[in-house]
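Engineer: Sharing a structure here in structure tokens format.
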Amino acid sequence: MTTDTHDPAQHRGAPDWLWYAGVPIAGVTLYLLYGQLIPISEWVTALLPVARDSHTGEAIASFVYDVPKVLLLLTGIVFVTGVLRSWFSPEKTRAI
């Protein structure tokens with residue numbers, strides 16, 4: 001272990017205002033895209049040389065429709081878990 005301390009003045013990441021503006025913008029963008037998943041899945045299926053009413057067309061449309069929802073759900077679970085872990089230290093968890 002080192003005895004170095006972290007100096008916030010040396011922080012080279014993005015400024016805080018960028019995070020405060022970027023997270024809501026990303027959330028609104030994801031919400032708007034989520035509402036368009038059915039048309040997007042229909043459009044992607046129409047681009048391919050497959051009949052939409054075939055089993056393959058249904059599978060492709062279902063895949064394009066479901067994958068963003070699953071990824072969004074997994075991202076949300078990881079985010080919430082990370083926030084909860086940052087609030088509760090191992091000592092607090094052991095005490096509970």
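The values are calculated or read from the model by the stated rules, or taken from the named source; none is laboratory data. Only a predicted model underlies this, so the values are computations on that prediction, with no experimental measurement involved. All Cβ positions, glycine included, derive from the backbone under ideal geometry; neighbour counts span all protein chains shown.
Engineer: Determine whether residue 85 is on the phi < 0 side of the Ramachandran plot, of a type in the set (Lys, Arg) and either modelled with pLDDT of 95 or more or surrounded by fewer than 10 Cβ atoms within 10 Å (Cβ to Cβ) (or both).
Structural biologist: So residue 85 does not fit the description; no.
Engineer: For residues in the stretch 39-69 being exposed (fewer than 11 other Cβ atoms within 10 Å of the Cβ) and either under 24 Å from the mean Cα position of the chain (by Cα) or among the aliphatic types (A, V, I, L, M) (or both), which is farthest from residue 28 (Cα to Cα)?
Structural biologist: 47
Engineer: Would you point out which residue out of 72, 18 is surrounded by 10 or more Cβ atoms within 10 Å (Cβ to Cβ) and touching a residue at least 24 places away in the same chain (Cβ under 8 Å)?
Structural biologist: Unique residue meeting the criteria: 72.
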